[in-house]
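All remarks here apply to the structure that follows.
Every number in this text was worked out from the coordinates using simple rules, so none of it is lab data. Keep in mind that what you see is a predicted model, and the values were worked out from it rather than measured. As a convention, Cβ positions derive from the backbone with ideal geometry for all residues, glycine included, and neighbour counts pool all protein chains shown.
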Amino acid sequence: MGSSITIHREQIQDFRELKVTGRLDSGTTPQLSQALEEEVKAGHNRVMLNLLEVEFLSSAAIRVLLQYYKECRKRQGFLVVQPSAAVRSTLTMVGMTDLFSSPARINKKVVDIDI
């Protein structure tokens, strides 16, 4: 049985939030990449990726995060918010926590987005 993810999309002020649930591995990462590509093509220049319910983050998924971080940075922002313990551990292990940590104005108050 292959793994799968679900992606729930929501507009939160000027950010497009994608809430991901499941395992981000080599089998599911193309689905995440496609969802991010659709958001960028639709003109959503500020993307928040909520990874609270992600159980596993593979190197393929890290490449996609880095790709869209670079793409969206040109256009105002890409944030990884509420990482699960597994995601936080993986990003810490590869030295990428600073890349995705950033304060953001959400729901009219400043929220420290920390990983």
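Karplus-derived 3J(HN,Hα) values for the range 52-57, using 6.51 cos²θ - 1.76 cosθ + 1.60 with θ = phi - 60°, are 4, 9, 9, 7, 8, 10 Hz; glycine and proline are entered as x. Going from the fewest other Cβ atoms within 10 Å to the most, the residues Ile5, Ile12, Ile62 appear in the order Ile12, Ile62, Ile5. What separates the Cα centres of the range 51-73 and the range 26-47 is a distance of 10 Å.
Summing charges over all other residues whose Cβ lies under 14 Å from the Cβ of Leu66, with Lys and Arg as +1 and Asp and Glu as -1, gives +2.
A crude spin-label estimate for the pair Thr92 and Ala60, with each label 7 Å from Cα along the Cβ direction, gives 2.7 nm.
Using a simple spin-label model with pseudo-atoms 7 Å out from Cα toward Cβ, Gln11 and Lys70 lie 3.0 nm apart.
Arranged from fewest to most other beta-carbon atoms within 10 Å of their beta carbon, His8, His44 become His8, His44.
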